[in-house]
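> Structure incoming, see below.
The values are calculated or read from the model by the stated rules, or taken from the named source; none is laboratory data. Quick caveat, the model's predicted, so the values are computed rather than measured. For neighbour counting, all protein chains shown are included, and Cβ atoms are generated from backbone atoms with ideal geometry for every residue, glycine included. All accessible areas refer to the heavy atoms of the entire protein, side chains included, with ligands and DNA or RNA removed. Shrake-Rupley method; radii C 1.70, N 1.55, O 1.52, S 1.80 Å.
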Amino acid sequence: MVIGIDPAFRTGGFYVCELENNTATFICMKSFLDFLDYIALKKGAKAVIENSNLQNVSFRSSTNKNIAAKMSRNVGANQAISQITVDVCIHFLGKENVKELSPLQKGTKWDNATMLAASKAHKLVNYKGLKGEQDKRDAYKLALLF
């Protein structure tokens, strides 16, 4: 089994995609504790994680200091949860079974059409193709990159 992990420090944004045989299953981690329980049971799996901590860049697309500060805080929170996710996966799965990629290494975000074209070999479980399912598409893309 290969697990693509797109961690996020926001409710409903932390997704994993399990690739096994012809099936890609998408699972939302409601909290980091749920992820700990999940990954502890996945001995022998391989994992690919988007680690935004590898990309040491500050994003500032607003001249409004309040908005820029909130964006900085959100980026910092995501960098932290990404690195912690990598560390936990190495602990449970072993360093040889964990691959971490920066957002730049992961590449561009896929839209639904690209996702459907790329996923012809897999039955997609818990995926509807909605615009709001970007985290699922990212987790799937990561799983393919192991």
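> Please report, in debye to the nearest 20, how large the charge dipole of the chain is about its Cα centre when each Lys and Arg carries +1 at its beta carbon and each Asp and Glu carries -1 there. If you can, show how the numbers build up before the last one.
Working: 20 positive and 13 negative charges, 83 e Å.
It comes to approximately 400 debye.
> Using Cα-only point scatterers and the Debye equation, what is log10 of I(q)/I(0) for region 74-146 at each q in 0.13, 0.18 Å⁻¹, rounded to two decimals?
Calculated log10 I(q)/I(0) at the listed q: -0.47, -0.85.
> Rank-order 105-113, 7-15, 79-87 by packing density, defined as the average count of other C-beta atoms within 10 Å over each peptide's residues, highest first.
Values: 105-113: 13.0, 7-15: 17.6, 79-87: 19.6.
The peptides rank, most packed first, as 79-87, 7-15, 105-113.
> Just the accessible area for C28, please: 1.4 Å probe, Å², rounded to the nearest 10?
Rounded to the nearest 10, that gives 40 Å².
> Could you state the principal axis extents of the C-alpha atoms in the chain, from the largest down, to the nearest angstrom?
Sorted largest first, the three principal extents are 49, 36, 26 Å.
> Next question. Name the residues whose placed amide hydrogens come within less than 5 Å of the amide hydrogen of N51, ignoring near sequence neighbours (fewer than 5 apart) on the same chain.
L101, S102
> Which entries in K42/K131; K99/K136; K30/K99; K30/K106 show an alpha-carbon gap greater than 26 Å? Before the final figure, lay out each step's value.
Details: K42/K131 29 Å; K99/K136 18 Å; K30/K99 23 Å; K30/K106 23 Å.
Pairs exceeding the cut-off: K42/K131.
> Summing Lys, Arg as +1 and Asp, Glu as -1, what charge do residues with Cβ under 14 Å from the Cβ of Y127 carry, Y127 excluded? Spell out each step's value before the answer.
Details: positive: K120, K123, K128, K131, K136, R137, K141; negative: D6, E18, D111, E133, D135, D138.
With Lys, Arg at +1 and Asp, Glu at -1, the net is +1.
> Tell me which DSSP H helices of the chain clear both cut-offs, 27 Å or more of axial length from alpha-carbon atoms and a mean Kyte-Doolittle hydropathy of at least 0.0. Spell out each step's value before the answer.
Details: long enough: 65-93 (41 Å, 0.33).
The qualifying helices are 65-93.
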